[in-house]
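Comments concern the structure below.
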Amino acid sequence: MNSVKDYRQEVLTLKKIIKRLTETYGPSGHEKNVTELIKNEIESLVDEVKIDKMGNMIAFKSGNSDKKVMLAAHMDEIGLIVTHIDENGFIRFSNVGGVSPYVLLGERVIFGNGVEGVIDKEKLDSIKELKLSKMYIDIGLSNEEEVKEKVQIGDVAIYKREFSDLDKRLVAKSLDNRVGCAILIEAIKGLKEVANDTYFVFTVQEEVGIRGAQTSAFGIAPDFGIAVDVTATGDTPEAKIMAVSLGEGPAIKIKDRSLITHPKVKELMVKVAEREEIPYQFEVLEFGGTDAGSIHLTRGGVPTGVLSIPARYIHTPSEMVDCGDVEYGVKLLSAILQEEIE
C-alpha cells in the first residue's frame, strides 16, 4: 500500500508544479517570474545556479565524468505586444511567437501588472479576412489617457487561463513548455548523482527564434545535448497524419525543421527506454523546432536530440498533455542522466 501512496504523492507533486508553472506570467523576454519560481524549487539540490546575460537559468550538477551534458527546456510562452492605443482606449497588438487570430476571438488576456482585457475584432465581410491587424484588446476603459495609465506601448499580454486537472489529462496555457521545465525540475529532485557534468538550462526566448539556447550552449560548450519540449499529435479528428498520440509515452524525436537527431543520441534514448521498460514513440515533425536546433549547431557541433511530450492544441489557451507521458518523461530523462557519455 505504501508504494501506491508514494506513487499518488509523486503524481500530485508533479501536477502541483505544473499548475504553478503554467499559471505564472512569462512571455518571451519577460521570463523573470518563472525563473524565480524554478530557482526556489531547485537551488538547494544542485551545485550551482547562475543566470546568464540573456536571462537563461543554468543549474549545474557535478558528475563522475568531465563530459558535459546540456539539457534545455524553455521558460517562455507566446504573447501579444501592444503596438498602438487609439483615442477610444482600444489596444492594437502584434504577436510574440506563433499566435493564430482564430484562437484569439473572445479570449481574455492579462498583462504583467495584472491588467486584464478581452479580445475582439473589427467588422469583417468574411471571417477569412481575420488577421491580427483587424483585432484589438479592450480593458474596459473609455479613452487613450485612461488606458495609458495602466498599459504602455511594448507591454506584453498572455492568455488568462487556469490549469485544469482532468485526472489522466492536464489542460493549461503554456504547457509549451512549462511541462518541459517541470520534467527538468522533477529529474533534479530525484537524482542524487549524475554520471556526467550536467547543465540543466531553463532557456529564454525560444518562441521567437530559439535564442536563449544558442547563447547558453555557446557558453557551456556541451559534449551532448537534449532538449525537452512538447510536440504535436496526430490523434484528433481529421488531424494532420502523424505517428504520435497522447498516452503512448514520451516521444523520441527523429527530425523536425531545425534538427536531425544525432544517431548516438537516438540510440542512447531508445536503449535506456527499453531497458527501463518505458513506453516511447518516434516523432517526425514536419514543421517547427526546439532549442535543440540551436544546441546542435554550437561551436564545432553537438550530438543532440529531443525528448518530446505529446500535446494537443499547442499555442492555444488550452493545451493538453497526458499525465502518464509526463511521468515517463521524468523517468526516462533521469535514467539517461545515469549513462556515461563516451
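Side notes on the structure shown:
- Checking region 213-227 against the condition returns no match, with no residue being in a strand (DSSP E or B) and of a type in the set (S, T, N, Q).
- The residues of region 170-184 that are in contact with a helix residue (DSSP H, G or I) (Cβ under 7 Å, 6 or more places away or on another chain), of a type outside the set (Gly, Ala, Ser) and either part of a loop (DSSP other than H, G, I, E, B) or farther than 13 Å from Thr22 by Cβ (or both), listed by number, are Lys173, Ile183.
- Test: Lys271 is more than 21 Å from Leu175 (Cβ to Cβ) and not hydrophobic (A, V, I, L, M, F, W, C): yes
- Filter result for the condition that a residue is in the same structural domain as Lys19 (by TED's automatic domain parsing), surrounded by 15 or more Cβ atoms within 10 Å (Cβ to Cβ) and within 21 Å of Glu207 (Cβ to Cβ), over Leu132, Leu104, Leu71: Leu71
- Every test in (1) in the same structural domain as Ala213 (by TED's automatic domain parsing); (2) surrounded by fewer than 22 Cβ atoms within 10 Å (Cβ to Cβ); (3) touching a residue at least 12 places away in the same chain (Cβ under 8 Å) is passed by Ser44 save one, and that test is (3).
- For Asp256, the test of being over 24 Å from Gln214 (Cβ atoms), in contact (Cβ under 8 Å) with a residue 12 or more places away in the chain and of a type in the set (D, E, K, R) is failed.
- Set Pro317, Pro250: member being closer than 23 Å to Gly212 by Cβ and of a type outside the set (A, V, I, L, M, F, W, C): Pro250
Residue-wise test of (1) assigned by TED's automatic domain parsing to the domain that holds Ser100; (2) closer than 23 Å to Val69 by Cα; (3) of a type outside the set (A, V, I, L, M, F, W, C).
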site	(1), (2), (3)
Pro222	no, yes, yes
Val228	no, yes, no
Glu238	no, no, yes
Met242	no, no, no
Ser258	no, yes, yes
Pro263	no, yes, yes
Ser294	no, yes, yes
Val302	no, yes, no
Cys323	no, no, no
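- Test for Asp125: is it in a strand (DSSP E or B) and surrounded by fewer than 19 Cβ atoms within 10 Å (Cβ to Cβ): no
- Looking only at region 195-216, and only at residues there that are of a type outside the set (Gly, Ala, Ser) and under 15 Å from Gly26 (Cα atoms), the one that is surrounded by the fewest Cβ atoms within 10 Å (Cβ to Cβ): Val208
- Of all residue pairs spaced 6 or more apart or on separate chains, those with beta-carbon atoms under 8 Å, a first member in region 297-323 that is assigned to a loop (DSSP other than H, G, I, E, B) and a second member that is among the acidic types (Asp, Glu) are Val302/Asp223; Pro303/Asp223; Tyr313/Glu319; Ile314/Asp176; His315/Asp176; Pro317/Glu107.
- Residue match in region 18-41 (condition: farther than 26 Å from Gly114 by Cβ and at pLDDT 95 or above): no
- Glu146 meets the conditions (1) part of a loop (DSSP other than H, G, I, E, B); (2) not assigned by TED's automatic domain parsing to the domain that holds Ser28 in every case but one. The failed one is (1).
The values are calculated or read from the model by the stated rules, or taken from the named source; none is laboratory data. Please read all numbers here as calculations on a predicted model, not as lab measurements. So basically every Cβ, Gly included, is an ideal-geometry build from the backbone, and we count neighbours across all protein chains shown.
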